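Following: one structure in structure tokens, then a few remarks.
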Amino acid sequence: MTETYFTKEHEWVKIKDGVASIGISEHAAHELGDITFVELPQVGKTVKQFEVLAGIESVKAASDIYAPLSGKVTKVNEALNDTPEIVNEAAEDAGWIAWLEPSDISEVKNLLSKAEYDEYLKGLE
Amino acid sequence: MESLRNTPLLSRHQQMKALLAPFGGWNMPIQYEGIIAEHKWCREKASLFDICHMGEFLFQGDIEASGLEDVFTFSVKSIPVGRSRYGFLLNENGGIIDDLIVFRLAEDAVMIVVNAATIDNDFSVIQSRLKPGGVFSNTSADTGKLDIQGPLSRDVLVQAFGPEIGKIPYFKFIRMNILGVEAIVSRTGYTGELGYEIFLPAQKVVELWDLLLGDERVKPAGLGARDVLRLEVGYSLYGSDIDEVTTPLEAGLGAFVNFDKQFVGREALLKQQQTGLTKAKAAFQVSSRRAPRHHYEICSEGAAVGTVTSGVFSPMLGCGVGIGFVKPAVATVGAPLTIRHDNVSMEATVVELPFYKGGSLRS
């Protein structure tokens, strides 16, 4: 079973079979507008939870993407190099940014569940 | 702080679920369906822009006797009736108070079209430079302005209002009856595409908006797309690229300054020509899809040499493009630059404007 968590910085992470896939939420993609560039992390890079993992730019703004969990980058979504607009089309699916091998799965306690994230978004309106 | 002003089209923008944001003191549509989709539509079809926020002044009287000839960097009296001219209102130091267009309506009448944020200041500056005798008025509140821009804009207007519009050359205009009122249809714009600016009484703007959007070749575009469109062809944005501490010479816009006549700021510009520039405009193309942005630092060989004033991802070029002001020595075509901001760094090369050369502007 896949579990999905969110950060207050609008990243999502799905954990399945010990692999964490990471991206930005549909809400974040919508807020950014047309996404024009994704700075993918290097495969092999290690990050700590909530450190800068990647960068994303839209016509309107440039933002950092933070690592929802600590770990090592094992794969990146190279399709985003030429077609970053995939993030607008499917932010929580085909628009994934990177895969991470988590070093401490208990860190999910610092993340929001889907229901908590939806509640958090309501508070932002 | 003054409250934001709305154009007559607010309800239309809201109906279309436009994203509205403050611009120059106005609550303006930034985007409808999306900046890139709107940009593409304008480059390929025809886009309609609500530009009612911009200012319009009328001068009626003897132009020679009024002193109007000495107010701007270009000659007003030599503009033929039915033509318009772009240039600047400068301060004594040669800094740009505004960039604007003067339309010669008649032998004894001109319309001056200015930026939204500068309306009040422009009006008082111009008024202070005029001699008594003529009638100078701010007609901004009563004047509506819609821009229709894009390669199909001529076909759309000809179909809607007749063949006369199809014959207007670039930087010429006609006065004609539209929807039962007198309008000015000008072959000018801010996109690099074939296009028109239509001035008409504010109370008719909604009707014209609805009429033009009834043509399936026309879609609305917001200020977001407008900014991408103008930057791709290298047009300056007042308040970002040019301002009161930037001269037309520094901004590479000396072509719009006529030194054969008097104007406020002339002495300062002549002096600047002699002593040389301390900053110069540079246009640059980034080696990736990353966009340079306003206030990013420009570096050359490791040293800071200037600041980005406008930057964007160019959908037409598929890379970041920007303009900024740098030490004149590095403002040379082909020179390599690095654009920096926090942990972001991008390589760029100085290029000639326009970035995008395929526009239908003069077709």
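Read-outs: derived from the displayed coordinates by stated rules, not from any lab. Just so it is clear, the structure is predicted and the values come from calculations on it, not from any experiment. Glycine also receives a Cβ, built like all others from the backbone with ideal geometry; neighbour counts cover every protein chain displayed.
Structure values in brief
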| item | result |
| --- | --- |
| Taking B:39, B:295 and counting other C-beta atoms within 10 Å, the order from fewest to most | B:295, B:39 |
| Rounded Å value of the spacing that divides the Cα centres of segment B:15-31 and segment B:222-262 | 23 Å |
| Under-5 Å amide H pairs with residue A:76, H placed in peptide plane, nonlocal only | A:99 |
| Two-site label geometry, residue B:258 and residue A:81: point separation in nm, points 7 Å out along Cα→Cβ | 5.4 nm |
| Distant-in-sequence amide H partners of residue B:296 (H built 1.01 Å from N, under 5 Å) | B:308 |
| Rg to Rh quotient for segment A:3-119, alpha carbon positions, Kirkwood Rh | 0.93 |
| Residue A:121-residue B:128 FRET efficiency (beta carbon distance; Förster radius 56 Å; 0.05 resolution) | 0.60 |
| Among B:222-228, B:151-157, the order from most to least packed when residues are scored by Cβ within 10 Å on average | B:222-228, B:151-157 |
| Equivalent ellipsoid semi-axes - Cα gyration tensor, segment B:278-351, angstrom | 17, 13, 11 |
| Residues B:79, B:30, sorted so that the one with the fewest Cβ neighbours within 10 Å comes first | B:79, B:30 |
| Axial C-alpha extent at least 15 Å, average Kyte-Doolittle at least -0.5 - helices from chain B (DSSP) | B:119-129 |
| Global size of the protein assembly as shown as Cα Rg and Dmax, reported in angstrom | 25.3, 85 |
